[in-house]
2 protein chains.
Amino acid sequence: MSRTLAADLRAHVGATVKIAGWVHRRRELKSVTFVVVRDRSGTAQAVFPQSPPVTEETVVEVTGRVTANEQAPGGVELTEAVLTTIAEPSARPPFDLYRPAVAAGLPSILDNAAVTLRHPLLRKRFEVAAARVAGFRRTLDTLGFTEIHTPKIVATATESGANVFELDYFGRPAYLAQSPQFFKQAMVGVFERVYETGPVFRAEPHDTARHLAQYTSLDAEFGFIRDHRDVMAVLRDVIAGMAAATASLAAAPDVPAEIPAIDFLAAQGLLAQHTGEDPRGEPDLAPAHERWLSDWARREHGSEFLFVTGYPMAKQPFYTHPSPSTPDFSNSFDLLFRGLELVTGGQRRHRHADYLAVLGDEAAHYADYLTAFAHGMPPHGGFAIGLERWTARLLGLANIREATLFPRDLHRLRP
Amino acid sequence: MSRTLAADLRAHVGATVKIAGWVHRRRELKSVTFVVVRDRSGTAQAVFPQSPPVTEETVVEVTGRVTANEQAPGGVELTEAVLTTIAEPSARPPFDLYRPAVAAGLPSILDNAAVTLRHPLLRKRFEVAAARVAGFRRTLDTLGFTEIHTPKIVATATESGANVFELDYFGRPAYLAQSPQFFKQAMVGVFERVYETGPVFRAEPHDTARHLAQYTSLDAEFGFIRDHRDVMAVLRDVIAGMAAATASLAAAPDVPAEIPAIDFLAAQGLLAQHTGEDPRGEPDLAPAHERWLSDWARREHGSEFLFVTGYPMAKQPFYTHPSPSTPDFSNSFDLLFRGLELVTGGQRRHRHADYLAVLGDEAAHYADYLTAFAHGMPPHGGFAIGLERWTARLLGLANIREATLFPRDLHRLRP
């Protein structure tokens, strides 16, 4: 008999079926025992006159007749049930997986991820993340992007010498890539529109709730743009596609047809006018300022998203394209969501001479990177979305580690 | 005026449009000059009475009237054309990108990938690869798999201490993951069916045409199987889905509804009978034997694919599940395609006690890995497809580096 998933039982009332999964819960009443079986689709209840000798997390098959019962979870249950044990656990989970709430702290959850993530609430976070990545790809596929796979081992630090992991590469020093930035730009010259979904590595020395040593970066880059506003328009569609992809799993935020945008200087002006602080002259926004601006966007524009554009060039990486009319400011943007900066992006420099001028003596160090520009590159730009950070924000998780299967950080290298 | 792609011009005959891309080729005749512009969709020809002052690889916009001309490539060309230069190259490509053949050796192609991959023949390889990955994901999404993202930095070598890159992890030694094997197995306990498409790392000391230090592994793993034959059935559907996804780009191989399979011992018997060699007693097949068996499958079964099953346990990793009836042999398989082993897979051990028995004193070393099995795991299995190796074989490329954007190997760490 082939297997039926728990979620499909309703379509088989009256039939005898086989389900398979883990014993999620046993409930012994006076005259019957309920065994709730968990599979990838959900849970199903089976009824036994005698209590079968199984503990939670035993892997089982249960055959039985699908019987409607409005009091059963899902409206059906298996009666005349026969249970077969497939594999027995030899240890108990650190907390009861069947209880609605997760009764464990984060270290215990992470140390025992192979079993704790079986809890439906914890598992769901990663189903949301998977759906979001699928939405990212689907939106960009529709727009003519090509997926690429770029090296994670590089000869020189990607953007700065700081926070880079060094490794022994056949006796030579090499580094883990902090981003696919240089490769994705070069591939605009080949494919025009590219994306990559892969790991990036930061030897982040700060032990915070929002930094990891490895995270999943959703990177896009494309050419023949007018300026950063074309990048923002594609990002808006990507965000909307990611939200739509998770709509059945989690409350998805409304993504306005046009996400409101405020210029960096105007944002500082607002902050000076309303917050009692005067950040004017600072080259970046403080986290508290991002929170205030997010609140402002919700009040003024009814939007949980806000673009801040035109950050000063002083704090931008060298590949950022300056604003043609005000070259001390950049064609860059951050996307704020619920008080947090979740995406950075912008237009990049595309003229070889501009790179030579800005890099000066350092140009030789970036010779490989500069090849693309020496051979003719269109105006282009892109963005990078940190998957785990976004999933955490979307689901209201306080710590990015709660949205990571097996986090890596300053202290954590296992499991 | 918004941009029209080269491939879409036929739908706009009579209209004035703007195209944008790279000058692919200039051809000066007596009375006119043809400029062929290349964009992500293909090429388009524009006709100029005077020769515009642009070299190949200049980034341009061209406006003009779309005019039917059966002698033009694609059946249309732009007349009354006006060309605007967007960005000029400052160097010449190492070979002429407009010639049909690639007139450069592999080192030159790889050293200058940012420009050489613009050649339509070279670019197409990676469009094929991208379509194949999309087909992999689409097939597994339909089958209820969940995408996961696992650590690439690990505390212990994944499968063996050999060929592993060591790095400095905040002052401690750590390693680059050789595969997501342990993580994907653990996640079967959470999601039942998982896949990952990501980089894996091998400090491969051999300088061969089919080894890389980093490659893209398409990994799948799933539970509640009967044995390795269920894994082979899913792999067959994945292969068919990948072939279908590339059908418009490259000649896709026929994937039989059931891929022929031969047992390892029977394969050795055939080889002994027909090749003048007697490999019986050897624990593995030699490359020449794989080629002979592939030829045999084509002759006998009309199939370019052949499963070889039941390899001896002696050469299998410890997690391989033995055959219940003949425990010196395994529930494993290799998939041969056109003479080469392209996929390995099989059923894994799922009982905690079995792992403890096979690992013995080493069990403590694998404590994190064993957590999943201590908490109840179903019979499960999976497979791993090396993307670049497969793309190379599919396209008849002699060297795996020809199917890699920026290869990493014993000698090559850049660009």
Point to revise | Neighbour net charge for residue A:341 - beta-carbon separation under 11 angstrom, K R +1, D E -1 | key: +2
Point to revise | Theoretical gain in end-to-end length, residue B:30 to residue B:80 [0.36 nm per residue, Cα-Cα removed] | key: 16.3 nm
Review point. Expressed as a rounded percentage, what relative contact order does chain B have, with Cα pairs under 8 Å and six or more residues apart?
Key: 13 percent
Practice item. State which stretch of chain B is the longest one without any exposed trypsin sites (Lys or Arg not before Pro), exposure meaning a DSSP loop state and at most 13 other Cβ atoms within 10 Å. Key: B:31-225
Exercise for review: Would you mind estimating how fast the protein assembly as shown diffuses translationally, via Stokes-Einstein at 25 °C and 0.890 mPa s with the Kirkwood radius over Cα pairs, in µm²/s?
Suggested key: 84 µm²/s
Exercise for review: Classify region A:120-403 as rounded, prolate or oblate from the Cα gyration tensor: take a ≥ b ≥ c as the square roots of its eigenvalues, call it rounded if a/c is under 1.5, otherwise prolate when a/b beats b/c and oblate if not.
Suggested key: rounded
**Study point:** Too-long pairs where the Cα-Cα distance tops 29 Å, listed order kept, from A:184/A:315; A:152/B:184; A:124/B:152; B:18/B:124; A:124/B:124
**Key:** A:124/B:124
Check your understanding: Sorted by packing (mean other beta-carbon atoms within 10 Å per residue), highest first, where do B:218-224, B:172-178, B:93-99 land?
Key -> B:218-224, B:172-178, B:93-99
Review point. Hey, what's the per residue convex hull volume over the C-alpha atoms of region A:303-390, in cubic angstrom?
Key: 123 Å³
Revision key, fill the gap. Label model pair residue A:280, residue A:251: point-to-point distance (7 angstrom along the Cα→beta-carbon line) in nm is 3.9 nm
Revision key, fill the gap. Semi-axes (Å, rounded, descending) of the ellipsoid equivalent to region B:342-407 per its C-alpha gyration tensor are 36, 14, 10
Point to revise | Number of partner chain Cβ atoms within 10 Å, mean per residue of B:357-369 | key: 1
Revision key, fill the gap. In order over region B:248-257: 3J(HN,Hα) from phi, Karplus 6.51/-1.76/1.60, θ = phi - 60°, whole Hz, x for each Gly or Pro, gives 7, 10, 8, 4, 8, x, 6, 9, x, 4
Check your understanding: Highest GNM mean-square fluctuation, chain A, Cα pairs closer than 10 Å: which of A:56, A:77, A:362?
Key -> A:362
Practice item. Can you give me the P(r) profile for region B:227-321? Cα pairs, bins 5 angstrom wide beginning at 0, each as a whole percent. Key: 2, 12, 19, 20, 19, 14, 8, 4, 1
Check your understanding: What residue among B:53, B:89, B:260 has the largest mean-square fluctuation in a Gaussian network model of chain B, using Cα springs under 10 Å?
Key -> B:53
Practice item. Report the closest approach of any chain A C-beta to the axis of the A-to-B rotation: residue and distance, in whole angstrom. Key: A:167, 2
Review point. Residue A:315 label points, 7 Å along Cα→Cβ, one per copy: pairwise distances from this copy to the rest in nm, shortest first?
Key: 5.8
**Study point:** Average beta-carbon neighbours from other chains, 10 Å sphere, peptide A:195-207
**Key:** 2
Practice item. Let me see the pair-distance distribution of region A:269-415: every alpha carbon pair, 10 Å bin width, integer percents in order. Key: 10, 29, 30, 23, 8, 0
Practice item. Taking just the C-alpha trace of region B:1-155, give me its Rg and Dmax in Å. Key: 19.6, 70
**Study point:** Highest-MSF residue in chain B out of B:339, B:105, B:241 [GNM, Cα springs under 10 Å]
**Key:** B:105
Exercise for review: Starting from the Cα gyration tensor of region A:186-274, multiply each eigenvalue by 5, take the square root, and state the resulting semi-axes largest first in whole Å.
Suggested key: 24, 22, 19
Study note, to complete from the structure: HN-Hα couplings for region B:132-145 via Karplus (6.51, -1.76, 1.60; θ = phi - 60°), in whole Hz with x for Gly/Pro, come out as 5, 5, 4, x, 4, 5, 4, 4, 6, 4, 4, 8, x, 7
Check your understanding: Using the Cα atoms as the points, what is the convex hull volume per residue of region B:6-87 in Å³?
Key -> 77 Å³
Review point. Using a basic spin-label model with each label point 7 Å from the Cα along Cα→Cβ, how many nm lie between residue B:138 and residue B:258?
Key: 2.7 nm
Revision key, fill the gap. Expected integer from the mean partner chain Cβ neighbour count at 10 Å over A:164-172 is 5
Check your understanding: Per residue of chain A, what 222 nm ellipticity follows from adding -39500 (n - 2.57) for every DSSP H run with n ≥ 4, rounded to the nearest 500?
Key -> -8500 deg cm²/dmol
Point to revise | Residue among A:130, A:288, A:313 farthest towards the positive dipole end of region A:120-403, charges placed on Cβ | key: A:130
Study note, to complete from the structure: For region B:13-29, in residue order, the Karplus 3J(HN,Hα) values (coefficients 6.51, -1.76, 1.60; θ = phi - 60°; whole Hz; Gly and Pro = x) are 4, x, 8, 9, 10, 10, 10, 8, x, 9, 5, 7, 7, 10, 10, 8, 9
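Where a number appears in this text, it was derived from the coordinates with a stated rule and is not lab data. None of the values given here were measured: they were computed from a predicted structure. Cβ sites come from the backbone with ideal geometry, for glycine too, and all protein chains shown count toward neighbours.
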